[in-house]
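Any read-out appearing in this document is the output of simple, stated calculations on the displayed coordinates, not a laboratory observation. Predicted model only: the values in this text are computed from it and were never measured. Backbone-built Cβ (ideal geometry, glycine too); neighbour counts: all protein chains shown.
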Amino acid sequence: MLEVHILTIFPDAFTSFLQTSLLGKAVQSGLCAVRTRNIRDFSTDKHHSVDDVPYGGGSGMVMKPEPLVAALEAVAKIAPGSWRVLLTPQGRPLDQPKVRELARRERLTLVCGRYEGVDERVRAHLDEEISLGDYVLSGGEVAAMVVLDAVVRLVPGVVGNAASIGEESFAGGVLEYPQYTRPPRFRDQPVPEILLSGDHGKIRAWRRREALRRTRERRPDLFSRLALDADDRRLLDEE
Ligand code: ADE
């Protein structure tokens, strides 16, 4: 059972996401519990403001520390030990090993940053900062949904076929092999004959070779980190 707390100023953005597809099923079947909390509810000033102008001047607004930290403290009361993650382009880029690490935790708190950033003093109240990649989103909400989706599908029981998790892209640091389903010929493109052969040994070797080639071609950065064995090297030398 994974328990996730989300701090955001746009809790409505999560409504349909939390009810849909895999995540919706995981929540319904009790494999994970997700609760969103509006940071604005923790603001104590007259206008319930959550942002303010930056000291030193400059454009944009900065998320105030008080409501955000009050929200974090409220979560800590009901979910002690929850691992607190801020979604920000300044964080460490998310990858599948990090997703696996997060999925091993029992409680997660995802903090969605907004505006030009959060007050630096909030950082002392966080465990980790995660980025989706080197581009700027208008807020952490979409990033939190990405983290949630990637993490929840690793919770045991959420994905029906556990084997499909072991085989998919990045599981072993390689991209997935090409996949086909019916029909055997689509327009002018046939399914590679070997996949129709019923020879499981050959199919396994073909898939491994295609996965390695695809990784070498599309993601040389991943490929250079692979520990290839003699079989892999032989497969790559074919044709
Ligand atoms: N918030 C804004 N941009 C982001 C990014 N690239 N990753 C995570 N959170 C963000």
### Query
Calculated from DSSP H runs of 4 or more alone, at -39500 (n - 2.57) each and per residue, what is the 222 nm mean residue ellipticity of the chain, nearest 500?
-10000 deg cm²/dmol
### Query
Which one of VAL147, PRO67, TYR180 has its Cα pushed farthest toward the positive end of the charge dipole of the chain, where Lys and Arg give +1 and Asp and Glu give -1 at the Cβ?
TYR180
### Task
Mind checking the stretch 75-163 for chymotrypsin sites (Phe, Trp or Tyr not before Pro) that DSSP puts in a loop (not H, G, I, E or B) and that have at most 14 other Cβ atoms within 10 Å?
TYR135
### Query
Roughly what % of DSSP beta bridges within the stretch 1-64 run antiparallel, to the nearest 5?
20
#### Entry: Share antiparallel - DSSP beta bridges, the chain, percent rounded to 5
20
### In Hz, Karplus ³J(HN,Hα) per residue of the stretch 234-239 (6.51, -1.76, 1.60; θ = phi - 60°; x = Gly, Pro)
5, 4, 5, 7, 5, 6
#### Entry: Sparsely packed GluC sites (Glu not before Pro) within the stretch 142-206, loop by DSSP, other Cβ within 10 Å at most 16
GLU168, GLU176
## Note on the structure
the stretch 79-108 and the stretch 156-214 have their Cα centres apart by a whole-number Å value of 30
## Note on the structure
Note on the stretch 1-126: the mean projected area of its alpha-carbon convex hull, in nm², is 8.7
### Query
If you average 1/r over every pair of different alpha-carbon atoms in the chain and take one over that average, what Kirkwood value in Å do you get?
20.6
